[in-house]
Amino acid sequence: MGLSTKIIGNEAAATCAEALLRHAPSSVDRVLFANSGGESVDAAVRIAMLATGRSRLASLRGAYHGRTAAALALSEVGIGTLSLAPAYPIERIEIGDLEGAARLLAGREVAALFVEPVQGEGGIRPVPADFLAALRRLCRETGTLLVLDEIQTGLGRCGSFWRSAADCEPDILLVGKTLGGGLLPLAAALYSSACIGSRQTDPLILASTFAGGALAARVGDAVLKTVGRPRFLATVRELGMEARAGLAEALGGREEIVEVRGEGLMIGVQCATPAFAGDVVMEALKRRLLVTFCLNELAVLRVYPPAVVDARTLASGIERLAEAVGAASRNAEGERSAPQTFV
């Protein structure tokens, strides 16, 4: 059944695992459930080190993979988070620097390379497809496992079931967030039994008390059925285009807004300064609209409408965000024109 979370599983977890694998690329054929995306990253680290016998890891500049110890070590968080000294060396690769990646991996000391196909906390920035394909080739040549982190991008967020997994065929594919339906904590690491043996995924090493529980797994299976409906992903793509076009029209004339970008309903609004972005977040809250900023790019607003949003609600959200931007602009103008007080 492809399930390796527990020594003794349950029917719901097996059903959810089978559903995940039906939609997954052919390069993965096993499922290890976790309680969060960060836990799935930690599991991938352990699997990769056990499978390769190597102790070094690599990720991309600007990456964000979670807040567990291993996931945070793989991340570059730009808000002054306490820096934890990792128990193993972490290497960084600049996006687009293929020569640097080749030099790093040529030493055959890196167990796994972790990649987000679109950097969420890094500012809603896609990794170019040709660079991702080249990384896939380099990993194969050097015995490095490619871990594709689709925790934010997968399950429809970008308008397709997987943003990049179907094209680059990862050795380990990470999924989370959406999988729990916003109700229960559920994530998973999907991996290849062809390059990762059974000893490296022994449940005695990777088992979890609650991961892959029956209730969470039933929610996960329901999510997969919803995302797999014929019109679901097409609707996400259509609404995503409407949202980006609507935001560009509503905000395009303001000097404080640099760019609107994204894929599907994973949208970033680049502001001129982090301070302005922070003020927009607070003004949006006053209008009962939840947006936030990217942890590694504080001037970029993360705008993630629910994938089940309807056109009317989406239009209302765009209007409220435009009002929030207008209010933040007036606030900034008021601060500039306020009389200076000298003591």
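The values are calculated or read from the model by the stated rules, or taken from the named source; none is laboratory data. Quantities reported herein were computed from a predicted structural model and do not represent experimental measurements. In this analysis, Cβ positions are derived from the backbone assuming ideal geometry, glycine residues included, and neighbour counts consider all displayed protein chains. Accessible surface is based on the protein model in full, side chains and every heavy atom, while ligands, DNA and RNA are left aside. Shrake-Rupley method; radii C 1.70, N 1.55, O 1.52, S 1.80 Å.
Highest mean first, how do 148-154, 88-94, 107-113, 191-197 rank when packing is the count of other Cβ atoms within 10 Å averaged over residues?
Working: 148-154: 28.6, 88-94: 15.3, 107-113: 20.1, 191-197: 17.4.
By packing density, highest mean first, the sequence is 148-154, 107-113, 191-197, 88-94.
The Cα atoms of the range 90-207 cover 44, 37, 24 Å along the three principal axes, with the biggest extent listed first.
Need one number: % antiparallel among DSSP beta bridges in the chain, to the nearest 5. Spell out each step's value before the answer.
On the way: 23 of 39 bridges.
The antiparallel proportion sits near 60 percent.
Charge tally for residue 72 (other residues, Cβ to Cβ under 12 Å; Lys, Arg +1; Asp, Glu -1): -2. Rolled with a 1.4 Å probe across the full set of protein chains, the surface gives residue 97 an accessible area near 60 Å².
Net charge within 13 Å of residue 325 by Cβ-Cβ distance, Lys/Arg positive one each and Asp/Glu negative one each, not counting residue 325 itself?
Details: positive: 254, 286, 287, 320, 330; negative: 249, 255, 256, 279, 283, 319, 323, 333.
So the environment of residue 325 carries a net charge of -3.
Taking a sphere under 14 Å around the Cβ of residue 103 and counting the other residues whose Cβ falls inside, with K and R at +1 and D and E at -1, yields a net charge of -3.
For the chain, what ratio Rg/Rh do Cα atoms give with a Kirkwood hydrodynamic radius?
Details: Rg = 21.1 Å, Rh = 21.0 Å.
Checking Rg against Rh, the ratio lands at 1.00.
What order do 323, 121 take when sorted by accessible area (1.4 Å probe), most exposed first? Present the calculation step by step, with values, prior to reporting the outcome.
On the way: 323 85, 121 10 Å².
Greatest to least solvent exposure: 323, 121.
Tell me the Kirkwood radius of the range 259-328: reciprocal of the mean inverse pair distance over distinct alpha-carbon atoms, in Å. It would help to have the intermediate numbers written out before the result.
Numbers: mean 1/r = 0.0830 Å⁻¹.
For the range 259-328, the Kirkwood estimate is 12.0 Å.
State the Kirkwood hydrodynamic radius of the range 153-193 in Å, one decimal place, computed from all pairs of distinct Cα atoms. Please list the in-between numbers first.
Working: mean 1/r = 0.0920 Å⁻¹.
10.9 Å is the Kirkwood radius here.
The Cα trace of the range 118-180 gives Rg and Dmax of 11.8, 36 Å, the first to one decimal, the second as a whole number.
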